[in-house]
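Readers should treat all values here as calculations from the given coordinates under stated rules, not as data from a laboratory. Owing to the predicted nature of the structure, the values given are computational and were not obtained by experimental measurement. Here the Cβ positions follow ideal geometry from the backbone for every residue, glycine too, while neighbour counts run over all protein chains shown.
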Amino acid sequence: MIEQLFGSKTRVKLLQLFYSNPNRSFYVREITRKIDEQINSVRRELSNLLSIGIITSDNTNNKLYYEVNQKFEYYRPLHQIFGNGVQKISKKKNNDEEQTDIEGDLKTIGHIDLALYTGQFTRDNISGVDFLVVGDVNPNALQKYVDGLEARENKVIRYTTMSLNDFRYRQQIRDRFITKITQAKKQILIDPYDLFAEKVNPEEEQ
């Protein structure tokens, strides 16, 4: 029904991808791989979304990157439809529909108090890491998760993990690393305690 309403399966998949991943940037071939659609169709729909103002683009290292425009007039209602706070992209596999739920996957590695992407994911290397996990985690399960993430993203992931007490202590003393994480552009995946008080849209209400 949503595909009929918005006119294109590719467009719906793009909206799901962008609104489920605020602050993340994607280049065309990466998008094509993630939503499993033909590159010509992806390029056409990206052009449409750009012309409307739903997404923005930026050229870095000879690659054109796209990300959702959080200042777009209808960002919030569109996010309610397509975002869901976590990445949920429907994909066909053996004629069945599957959903990739990042939050659910992360819970398999232990008790997570905070998880976020930055660095390569958001093209902001101020923190020096790409993935931060705070909580009580199983190191082997975390490594397995990171291995899968590296395979899925086709990149080497720099990650850091620490306990909640350690994180809060570092916040209190204004630790340099945590300060850089705070200042960095990031996508928060899990944050039940509002440790960063920043969810899917860091922009204040107008």
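Brief remarks follow.
- Environment charge at Gly53 (Cβ cut-off 9 Å; Lys +1, Arg +1, Asp -1, Glu -1): 0
- Whether the stretch 102-190 is rounded, prolate or oblate, judged on the alpha carbon gyration tensor where a/c under 1.5 counts as rounded: oblate
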